[in-house]
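Below you'll find the structure, written out as structure tokens, and then a few comments.
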Amino acid sequence: AMLGAAPGPLAGRRVLVTSGPTHEPIDPVRYLANRSSGRQGHAIAAAAAAAGAEVTLVSGPVAIPDPAGVRVVRVETAREMLDAVRAALPADLAVFAAAVGDWRPAAEQASKIKKDGSAPPSLALVENPDILATVSAMAEGRPRLVVGFAAETDRVLDHARAKLARKGCDLLVANDVSPAGGVMGGASNTVHLLGRDGSLETWPTLGKDEVGRRLVERFGTRLGTP
Ligand code: CTP
Ligand code: CA
């Protein structure tokens, strides 16, 4: 397939997108995971490709098809995702839509933990690297536009503003993922787009494909003409 050959607002741009959950192994048959279908991240990758960009999609385990015209790198864990992201740089634009596990089991057991009739095992956890914060803080080779996501269940804008400042990204896409909203795994999304410059847009509920197209339009405007 021809990559990045289409004319469009992102023609000639290199774009990196993370999507989906991570799986953090406990033992050979069990893992810790986040809830994420990958639909929004994949839609952004597809929209960026349609806008002419050369797109690398670093995806955790998902059950949806690869978007057309995109190079897909499949990973399982947060650490593998960070490695794949580093390998995919440099890029003009990086969008971190993945639901990365904040913690992983401190040790992966080589053999299956058995239910041997005693008390349930306890799970010691250690923190995973923060991929978005790592890329945002790169002294050399930082993408010009770094975009984070914030999935929140309450006080969405408060949490989002704090997260934008803490992560060091340029734009943050915040959405309300409280169970009543049906965003998780669903086809639509209600998002706010916050800029480090203080800008705020709140969009109506839209299909995830349409959210992807609109976001890509905004990214194109921010990057300007190549
Ligand atoms: N993210 C990441 N690497 C991590 C954790 C998060 O790249 N280890 C990215 C996500 O892809 C998203 C953004 O950081 O773009 C915000 O993720 P979120 O889980 O909302 O933020 P956290 O800082 O982990 O805060 P929280 O305690 O709310 O989970
Ligand atoms: Ca998190």
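Read the figures in this text as sums done on the coordinates, not as results from a lab. Everything quoted here is computed from the prediction, not taken from an experiment. Methodologically, a virtual Cβ is constructed for each residue, glycine included, from the backbone with ideal geometry; neighbour enumeration extends over all protein chains shown.
Please give me, ordered by residue number, the trypsin sites (Lys or Arg not before Pro) of region 117-214 that lie in loop per DSSP and have at most 11 other Cβ atoms within 10 Å. Mind dumping the intermediate values first?
Values: sites: 144, 155, 161, 163, 166, 167, 196, 208, 213, 214; in loops: 144, 155, 196.
Qualifying residues, ordered by number: 155.
Between residue 154 and residue 86, what is the label-point separation in nm under the 7 Å Cα-to-beta-carbon projection?
Here the modelled spin labels are 3.8 nm apart.
Looking only at Cα atoms, what is the convex hull volume of region 1-83 per residue, in Å³? Show your work: numbers first, answer last.
Working: hull volume 7.3 nm³, N = 83.
Dividing the Cα hull volume of region 1-83 by its residue count gives 88 Å³.
For a quick check: sort 44, 113 by the number of other beta carbons within 10 angstrom, fewest at the front. Can you show the working numbers first?
Values: 44 30, 113 14.
Neighbour counts put them in this order, fewest first: 113, 44.
When we measure straight from the Cα of residue 208, which lysines land under 28 angstrom away, once same-chain ones fewer than 8 places off are left out?
163, 167
Over all distinct alpha-carbon pairs, what is the Kirkwood Rh of region 89-226 in angstrom?
On the way: mean 1/r = 0.0581 Å⁻¹.
It works out to 17.2 Å.
With springs only between Cα atoms under 10 Å apart, run a GNM on the chain and tell me which of 148, 185, 212 wobbles the most.
Comparing 148, 185, 212 in a Gaussian network model of the chain, the most mobile one is 185.
Would you calculate, for the chain, the mean residue ellipticity at 222 nm contributed by helices, counting each DSSP H stretch of 4 or more residues as -39,500 (n - 2.57) and dividing by all residues, to the nearest 500?
Numbers: 5 runs with 57 residues, N = 226.
Helix-only estimate at 222 nm: -7500 deg cm²/dmol.
Give me the one-decimal nm value for the distance between modelled label points at residue 109 and residue 165, 7 Å along each residue's Cα-to-Cβ direction.
Placing both labels 7 Å beyond Cα along the Cβ direction yields 4.3 nm.
Considering only DSSP states other than H, G, I, E and B, which trypsin sites (Lys or Arg not before Pro) in region 74-103 qualify as loop sites with at most 11 other Cβ atoms within 10 Å? Don't jump to the answer; show the numbers that get you there.
Values: sites: 74, 79, 86; in loops: none.
Of the trypsin sites (Lys or Arg not before Pro), not one in the loops of region 74-103 has a Cβ with at most 11 other Cβ atoms within 10 Å.
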